[in-house]
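Everything below concerns the one structure shown next.
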Amino acid sequence: MKAIAIDRNGGPEVLTLQDIATPSPAAGECLVRLEAIGVNYIDVYFRTGTYPAPKFPFVLGQEGAGVVEAVGEGVTDLHVGDRVAYAGVAGSYAQYASVPAARLVRVPSGISANDAAAIMLQGMTAHYLVNSTFPLGPGHVALVHAGAGGVGLLLTQLAKAKGARVVTTVSTEEKAALSKEAGADLIVHYLTEDFSAKAREFTAGRGVDVAYDSVGKTTWEGSINALRPRGTFALFGGSSGPVPPMDLQILNAKGSLFATRPSLAHHVATREELTMRAESLFASVLAGDLKLRVEHTYPLADAARAHVDLEARKTTGKLLLIP
Ligand SMILES: NC(=O)c1ccc[n+]([C@@H]2O[C@H](COP(=O)([O-])OP(=O)(O)OC[C@H]3O[C@@H](n4cnc5c(N)ncnc54)[C@H](OP(=O)(O)O)[C@@H]3O)[C@@H](O)[C@H]2O)c1
């Protein structure tokens, strides 16, 4: 089969289309013929080496949707022909992937493969952030960075659905328009405006209840400065680079703050939690309450172009690779 693999860490040029053996499903696994593959910022971290690849060649990609082509020994609840999707299992930049059945969710008939691949990783991330990391409700104000990004658009919509008000940051006018459509109450152009000051002004000086920060290096300090006393700094990524080592005393000085660095894996670790989050998101999409934005689809062979665009901040919403 064809797959996009890396033989070493580096820039987008290390992503090469390779012929590798089609996996055969081990016990407890299903072979999935992929129809849509999600591109996520975590793929950049694995490509560059920010997150170490377990071995080389390493097939990138953590998310996909498709059809069960074969089942391994002991798999009884999924069958050939079932439509499935998953996130958090390495090796999806390929025509086929062998995935533990316990990590697969069934895709309802009203949801296309593209939509399923657009929702699993970024959608479940947004879901755990607003429900588990800092459960939002009416009266809360949340700060969401990169508001027009893959996670950003979904996180804004889910936060609004909880009754919270949302302040987002974006880098361009076009992204501001998309963030507004997603429901943001205040949109700050963080390249030219002081988002902490704007967020404070928006909350009449009090500060926001939670800062969901996926940008990291260039925003973490401003996020902390935007929080109310006892507010929560939820750092869930570093698209601008990692946050430098931090003296925990800052949490005292800025008002008994809470800081957490959550990850999707720990929020879908059980079958119950995985299906609860995925099914809740599918239901919201089917009800028309959650809008997906799949603007960028690339042939699998053009994965490098997808990475160039993502890192150059040229993209909005979800990027997919089509095998
Ligand atoms: N912890 C978890 O469980 C988890 C799960 C999923 C994703 N994440 C994290 O969430 C973040 C968003 O992921 P995504 O896949 O949805 O990507 P994305 O938000 O669609 O793309 C990244 C965005 O970050 C912003 N950005 C700010 N500074 C940047 C810089 N120096 N270089 C590149 N981008 C920059 C850009 O938006 P502007 O142009 O508007 O600034 C860019 O579009 C990533 O940090 C990812 O690691 C974490």
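Every read-out reported here was derived from the displayed coordinates using simple, explicitly stated rules and does not represent laboratory data. None of the values given here were measured: they were computed from a predicted structure. Here the Cβ is made from the backbone with ideal geometry for all residues, glycine too, and neighbour counts use every protein chain on show.
Structure values in brief
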{"read-out": "GluC sites (Glu not before Pro) restricted to DSSP loop in the stretch 25-79 with at most 13 other C-beta within 10 Å", "value": "Glu73"}
{"read-out": "3J(HN,Hα) from dihedral phi, the stretch 251-262, Karplus parametrisation 6.51/-1.76/1.60, rounded to Hz, x for glycine, proline", "value": "5, 6, 4, 8, x, 6, 6, 10, 10, 9, 10, x"}
{"read-out": "Cα-based helix-to-principal-axis angle, 113-128 vs the chain, degrees rounded to 10", "value": "40"}
{"read-out": "Net dipole in debye of the stretch 138-261 [+1 Lys, Arg Cβ; -1 Asp, Glu Cβ; about Cα centre; nearest 20]", "value": "380"}
{"read-out": "Spherically averaged projected area of the stretch 138-261 from its Cα convex hull (nm²)", "value": "6.7"}
{"read-out": "Length added when fully stretched, Ser280-Leu248, from 0.36 nm per residue minus Cα-Cα", "value": "7.9 nm"}
{"read-out": "Hz values of 3J(HN,Hα) by residue in the stretch 293-298 - Karplus curve (6.51, -1.76, 1.60), Gly and Pro given as x", "value": "10, 9, 9, 10, 10, 10"}
{"read-out": "Positive-end residue of Ala204, Leu257, Leu154, charge dipole of the stretch 138-261 with Cβ unit charges", "value": "Leu257"}
{"read-out": "Degrees separating the helix 271-286 axis from the principal Cα axis of the chain, which is the longest one", "value": "80"}
{"read-out": "Summed residue charge, Cβ within 14 Å of Lys55's Cβ, Lys/Arg positive, Asp/Glu negative", "value": "0"}
{"read-out": "Value at 222 nm in deg cm²/dmol, rounded to 500, when DSSP H runs of n ≥ 4 in the chain each add -39,500 (n - 2.57)", "value": "-8000 deg cm²/dmol"}
{"read-out": "Global geometry of the stretch 220-323, whether rounded, prolate or oblate, following the gyration tensor of its Cα atoms and the 1.5 cut on a/c", "value": "oblate"}
{"read-out": "Cα centroid of the stretch 153-188 to Cα centroid of the stretch 269-323, whole Å", "value": "17"}
{"read-out": "Note, ³J(HN,Hα) from phi for the stretch 82-97, Karplus 6.51, -1.76, 1.60, rounded to Hz, x at Gly and Pro", "value": "5, 8, 9, 8, 7, 8, x, 10, 5, x, 8, 6, 7, 6, 9, 9"}
{"read-out": "Projected area, mean over directions - the chain, Cα convex hull, nm²", "value": "15.6"}
{"read-out": "Unit charges on C-beta of K, R, D, E only; dipole of the chain, Debye", "value": "680"}
{"read-out": "Residue among Ser109, Ser171, Ser223 with the largest mean-square fluctuation in a Gaussian network model of the chain, springs linking Cα atoms under 10 Å", "value": "Ser109"}
{"read-out": "Exposed-site-free run, longest, the chain (rule: trypsin sites (Lys or Arg not before Pro); DSSP loop; at most 11 other C-beta within 10 Å)", "value": "56-313"}
{"read-out": "Relative contact order computed over the chain (Cα-Cα under 8 Å; 6+ residues apart), in percent", "value": "17"}
{"read-out": "Shape of the stretch 1-138, Cα gyration tensor, a/c cut at 1.5", "value": "oblate"}
{"read-out": "Cα gyration tensor category, rounded, prolate or oblate, for the stretch 105-164 with a/c compared to 1.5", "value": "prolate"}
{"read-out": "Exceeding the 31 Å Cα-Cα cut-off - candidates Lys55/Lys162; Lys2/Lys162; Lys254/Lys291; Lys55/Lys180; Lys217/Lys314; Lys2/Lys175", "value": "Lys55/Lys162; Lys2/Lys162; Lys254/Lys291; Lys55/Lys180; Lys2/Lys175"}
